[in-house]
């Protein structure tokens, strides 16, 4: 048996992104924009652009481009942080907030499908493996 976990993980990641993109397209979003809306919708404190960079493991320039596109679509607004005036805080607009429930339900369905297919211990092991790759 040829073990090629890294290759399979990459393929699975691409497939997951394709599925997210397919759903997001119905709302004029990308998978990443959808994930950012989900993240902002779950946060109760001010979210800085650098927090999003860390959360999604993306470069500053990439985050800036994504957020500029989201601003153009009037999904978010960025303004100077009240915590640190050197940083930009990111907030959902009313239009963005309307998508939080839709996106959240989709994310919950994805999680529920995993929980129905795999045992709790299998999912814990899978998350352990994913965290290994994330923290390499």
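Only one of these is surrounded by fewer than 13 Cβ atoms within 10 Å (Cβ to Cβ) and either in contact (Cβ under 8 Å) with a residue 24 or more places away in the chain or in contact with a strand residue (DSSP E or B) (Cβ under 7 Å, 6 or more places away or on another chain) (or both): 42, 25. Name it. So that I can check it myself, show each step before the final result.
Values: 25 fails: either in contact (Cβ under 8 Å) with a residue 24 or more places away in the chain or in contact with a strand residue (DSSP E or B) (Cβ under 7 Å, 6 or more places away or on another chain) (or both).
Just a single option satisfies the conditions, and that option is 42.
Mind counting the residues in region 47-88 that are over 30 Å from residue 136 (Cβ atoms) and in contact (Cβ under 8 Å) with a residue 40 or more places away in the chain?
Total satisfying the criteria: 3.
Among the residues of region 101-119, is there at least one that is modelled with pLDDT of 95 or more, touching a strand residue (DSSP E or B) at 6+ places or on another chain (Cβ under 9 Å) and within 19 Å of residue 32 (Cβ to Cβ)?
No, there is no match, as no residue in region 101-119 is modelled with pLDDT of 95 or more, touching a strand residue (DSSP E or B) at 6+ places or on another chain (Cβ under 9 Å) and within 19 Å of residue 32 (Cβ to Cβ).
Looking at this structure, is residue 3 in contact with a helix residue (DSSP H, G or I) (Cβ under 9 Å, 6 or more places away or on another chain), more than 14 Å from residue 90 (Cβ to Cβ) and either surrounded by fewer than 10 Cβ atoms within 10 Å (Cβ to Cβ) or touching a residue at least 60 places away in the same chain (Cβ under 8 Å) (or both)?
So residue 3 fails the test.
Exactly one of (1) loosely packed, with under 11 Cβ neighbours inside 10 Å; (2) farther than 19 Å from residue 55 by Cα is unmet by residue 134. Its number?
Status for residue 134: all satisfied but (2).
When you scan region 82-105, how many residues do you find that are touching a helix residue (DSSP H, G or I) at 6+ places or on another chain (Cβ under 7 Å) and either buried (at least 17 other Cβ atoms within 10 Å of the Cβ) or over 15 Å from residue 27 (Cα atoms) (or both)?
7
Give me the pairs: first residue in region 89-103 and on the phi > 0 side of the Ramachandran plot, second residue at pLDDT below 95 and exposed (fewer than 14 other Cβ atoms within 10 Å of the Cβ), beta-carbon distance under 9 Å, and six or more apart or on different chains, which are they?
Pairs that qualify, where the first residue is on the phi > 0 side of the Ramachandran plot and the partner is at pLDDT below 95 and exposed (fewer than 14 other Cβ atoms within 10 Å of the Cβ): there are none.
If I go through region 18-62 residue by residue, how many of them are within 17 Å of residue 72 (Cβ to Cβ), within 11 Å of the chain's Cα centre (by Cα) and outside any helix (DSSP H, G or I)?
Residues meeting the conditions: 1.
Taking residue 79, is it on the phi > 0 side of the Ramachandran plot and either touching a helix residue (DSSP H, G or I) at 6+ places or on another chain (Cβ under 9 Å) or not in a helix (DSSP H, G or I) (or both)? Spell out the reasoning first.
Details: on the phi > 0 side of the Ramachandran plot: no; either touching a helix residue (DSSP H, G or I) at 6+ places or on another chain (Cβ under 9 Å) or not in a helix (DSSP H, G or I) (or both): yes.
No.
The values are calculated or read from the model by the stated rules, or taken from the named source; none is laboratory data. What you see is a predicted model; the values in this text were computed from it and never measured. Positions of Cβ are generated from backbone atoms using ideal geometry, with glycine treated the same way; all protein chains shown enter the neighbour counts.
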